[in-house]
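Data block below; observations after.
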Amino acid sequence: MLIAIEGIDGSGKTTQAKMLVKWLKRAGYKAKLTHEPTKMCTGKTIYKVLHGKLKMSKTQLDIVYTTDRLMHYFYEIAPYLKKGYVIVSDRYKYSGIAYGCAKGNRKFINELEKNVPEPDLIIYLRIDPRSSTSRLKKKDAYEKDIKFLTKVSKEFDRLRRRKNMITIDGKKPIDEIHREIISIVTKKLSKHVK
Ligand code: ATM
């Protein structure tokens with residue numbers, strides 16, 4: 001089963017993804033934590049752009065994000081799904097769609113992402129951009145821009161209507177969010193047929 005944890009920067013995704021994997025392992029599941037952008041050559045290229053070390057147009061960058069996602073899926077996700085792992089991905093396809101659409105590439109992004117495999121469950125940690133940016137220590141190209149994060153947030157809100165996406169209030173205490181996630185994941189695992 002593939003679980004994606006999504007949200008804007010500073011929404012608590014990484015903390016919750018780590019806590020969930022720890023809990024899954026303790027509960028006896030084979031579990032693996034992954035992240036996008038990846039550590040593969042495509043992910044490294046993305047971070048070079050985000051840190052101003054490489055120049056690329058928005059469209060070129062979106063193509064690299066989707067390529068990175070496909071590399072992620074085929075090398076780091078699919079082989080483990082076959083072995084019965086629960087994969088928890090800190091960002092996945094819906095980060096691509098929300099950030100890409102917020103940059104104004106809506107039609108192009110939707111076309112690019114059309115054939116990227118769907119996660120079984122998406123947990124969206126919803127938080128307002130002012131609260132999230134105040135949590136961030138290091139700022140990169142997008143994180144500096146509250147206006148941009150507000151657009152991304154609206155795009156995530158638009159995606160919330162999807163039936164496999166569950167929204168959690170990202171301002172709640174860490175442990176309370178963790179308990180909510182466990183309850184959602186437990187229900188999903190009990191219904192999940194490999
Ligand atoms: P992290 O903050 O999770 O390291 O991700 C780096 C950035 O990549 C993040 N925004 N900032 N800053 C979100 C952005 N991103 C996209 O724009 N499209 C994508 O497909 C993904 C996976 C991330």
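Nothing in this text is a laboratory measurement; each read-out follows from the coordinates by a stated rule. Computed from a predicted model, the values in this text were never measured in an experiment. A quick note on method: Cβ atoms are made from the backbone with ideal geometry, for glycine too, and the neighbour counts reach across all protein chains shown.
Data for the structure
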item: Gyration tensor (Cα) of the chain, equivalent ellipsoid semi-axes in angstrom; result: 25, 20, 15
item: Highest average packing first - 99-106, 57-64, Cβ atoms within 10 Å; result: 99-106, 57-64
item: Ellipticity estimate at 222 nm from DSSP helix runs (n ≥ 4, -39,500 (n - 2.57)) divided over the chain, nearest 500; result: -15500 deg cm²/dmol
item: Distance between modelled label sites at K48 and T167, nm, 7 Å Cα→Cβ extension; result: 3.9
item: Reference-scaled alpha-carbon Rg (2.2 N^0.38 Å with N residues) for region 1-58; result: 1.43
item: Relative contact order, percent, the chain [alpha-carbon distance under 8 Å, six or more residues apart]; result: 33
item: Additional length obtainable on full extension of the chain from S190 to K82, 0.36 nm per residue less Cα span; result: 37.1 nm
item: Order of F156, F74, F108 under a 10 Å beta carbon neighbour criterion, fewest first; result: F74, F108, F156
item: On Cα atoms only, tilt of 58-71 relative to the major axis of the chain in degrees; result: 20
item: Interchain or long-range residues, amide H under 5 Å from A31's placed H; result: V86
item: Amide proton proximity set for I123, modelled H, under 5 Å, gap of 5+; result: A4, I5, E6, I166
item: 13 Å Cα-Cα reach of K172 towards aspartates and glutamates, excluding residues that sit fewer than 8 places from it in its own chain; result: D128, E180
item: Dipole of the chain [Lys/Arg +1, Asp/Glu -1 at C-beta], most positive-end residue of G28, V152, I8; result: G28
item: Cβ-placed point charges (K, R +1; D, E -1), dipole of the chain about Cα centre in debye, nearest 20; result: 160
item: Gain in span if fully extended, R179 to R26, counting 0.36 nm per residue against the direct Cα distance; result: 53.6 nm
item: Pairs from K18/K44; K48/K171; K18/K147; K103/K191; K114/K163; K58/K82 whose Cα-Cα separation, in the structure shown, is over 27 Å; result: K48/K171; K18/K147; K103/K191; K58/K82
item: Candidate aspartates and glutamates - alpha carbon under 16 Å from K53, same-chain residues fewer than 8 apart omitted; result: D140
item: Under 16 Å from the Cα of K83 - lysines, other chains or at least 8 residues apart; result: K25, K30, K32, K194
item: Acute angle (nearest 10 degrees) that the helix 41-50 long axis makes with the longest principal axis of the chain, alpha-carbon atoms; result: 50
item: Cα→Cβ-extended label distance, 7 Å offset, between R160 and K55, nm; result: 4.0
